[in-house]
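The structure appears below as structure tokens.
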Amino acid sequence: MSDTDLAVAAKRFRSDYAAQRLAEGRAHTAAELATLPYLSSGPLARQWGVRARSFDALVRTVLLPARARQQDALAILDLGAGCGWLSYRAGLAGYTPVALDIRDDSVDGLGAAAFYLNDDPELFQRIVGSFDALPLASSQFDIAVFNASIHYSFDLTTVLNEAIRVVRAGGQIVILDSPFYPNETAGDAMISEKRRDAVAQFGARARTLLAFPFVEFLTPQRLSAATAALGLVWRRHRVWYPLWYEARPTVARLRGRRSPSRFDLWECTVP
């Protein structure tokens, strides 16, 4: 595929992805945006209930300890920022965030983040860019957070090497809300199921949304193999999610279904 063809395909993907997100009801109202990730009502409240637990773990496990070690304002790179809710929360808490995403639409891309900047346009910066070639100078962030996004990478090693480049030595890289499976077999079963049901789920957008070879999921072994040469040692922090989420493996076994993923928080220190 030529660079021109790739650019056209990427543009089509972004357009169809935004349309799919809109169809799923992810274009939040101003009142909903103001509450994220603590959305308490509506069809997406249960999903956001999971993400709220992850965010609380990020604050407790990474952000507050980093602040205690360093008195200056911490620079945070929000990778896959979407509508910017995490950057908004971080900015209000006194951090210096940069929200980066490949999408700038107003459904739940960076365009939707305009809501958060109405009162304070300097609260955080928005940048359109991709993970594998970050349009950022080296060694300028204290923490980089892959915000429900690293599974949209094409190559984990390339993407994490870029994260290392822009984070200062001694800083941290965090993986938040990306699906981890216990092994490759379980992850591959998810991909097969997704492709089997794609037309029913995505309709005419299915072909476009499945066109790119994203990694789709992670396993502890896959993550370690991708980053061993980079000198990264990952630590998993178990997040206690709502009961319905924690019960999913048991429910899946009883119903004879594939193993579900789980999120948790994974972090490492940049050497």
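The values are calculated or read from the model by the stated rules, or taken from the named source; none is laboratory data. Model, not experiment: these values are computed from the prediction. For neighbour counting, all protein chains shown are included, and Cβ atoms are generated from backbone atoms with ideal geometry for every residue, glycine included. Each accessible area value is taken on the protein alone, full model and side chains, heavy atoms only, with ligands, DNA and RNA left out. Shrake-Rupley method; radii C 1.70, N 1.55, O 1.52, S 1.80 Å.
Only Cα pairs within less than 10 Å get springs; with that Gaussian network setup on the chain, which residue of 94, 49, 203 has the largest fluctuation?
So, out of 94, 49, 203, the one fluctuating most is 203.
Quick one: Cα centre-to-centre distance for segment 129-182 and segment 204-271, in angstrom?
That distance is 15 Å.
Please give the per residue accessible area of segment 181-241, computed with a probe of 1.4 Å over protein heavy atoms only, in Å².
Ligands and nucleic acids excluded, the result is 57 Å² per residue.
Residue-wise, which Karplus ³J(HN,Hα) couplings in Hz belong to segment 234-241, taking 6.51 cos²θ - 1.76 cosθ + 1.60, θ = phi - 60°, and x for glycine or proline?
Once θ is set to phi - 60°, the couplings for segment 234-241 become 8, 10, 9, 10, 5, 10, 8, 8 Hz.
Please list, by residue number, every one of the chymotrypsin sites (Phe, Trp or Tyr not before Pro) in segment 163-271 that is coil in DSSP and has at most 11 other beta-carbon atoms within 10 Å.
240
At 1.4 Å probe size, with the rest of the protein present, what percent of the exposed accessible area of segment 125-234 is carbon and sulfur atoms?
54 percent
Give me the accessible area per residue for segment 71-162, probe 1.4 Å, as a whole number in Å².
38 Å²
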